[in-house]
1. Report the residue count in region 25-67 for those that are without any contact (Cβ under 8 Å) to a residue 24 or more places away in the chain and closer than 17 Å to PRO5 by Cα.
2. Given the condition at pLDDT 90 or above, small (Gly, Ala, Ser) and more than 9 Å from the chain's Cα centre (by Cα), answer yes or no: does some residue in region 14-31 qualify?
3. Inside region 2-53, can you point out the residues that are of a type in the set (Ser, Thr, Tyr) and surrounded by fewer than 17 Cβ atoms within 10 Å (Cβ to Cβ)?
4. Anything in region 9-24 that is of a type in the set (D, E, K, R) and in contact (Cβ under 8 Å) with a residue 24 or more places away in the chain? List them, or say none.
Amino acid sequence: MVLDPFLGSGTTGVCAVKWGRHILGFEIDPDYFEIAKRRIEKAEKNINMFVEEYGEKIIQLAAALEP
């Protein structure tokens, strides 16, 4: 869990998603909150699409590398 008390444009949230962490962020400016929300949702969608497309191949490659 990543806590970001000053969410701003959501960069910390995007990084949290990319590293497989949950984000809890606070932002008092509604405009910045909407920007952060869109960016984090886009990152979540992109990571899910990546896993769906390449997940099985990555698992196969990792298994082939085991000693």
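1. Looking only at that region, the number is 8.
2. Checked against the condition, which is being at pLDDT 90 or above, small (Gly, Ala, Ser) and more than 9 Å from the chain's Cα centre (by Cα), region 14-31 yields at least one hit.
3. SER9, THR11, TYR32
4. Just the residues of region 9-24 that are of a type in the set (D, E, K, R), to begin with: 18, 21.
Within region 9-24, LYS18 is the sole residue that qualifies.
The values are calculated or read from the model by the stated rules, or taken from the named source; none is laboratory data. For clarity, every value in this text was computed on a predicted model and none was experimentally measured. Reconstructed Cβ throughout: ideal geometry from the backbone, glycine too, with neighbour counts over all protein chains shown.
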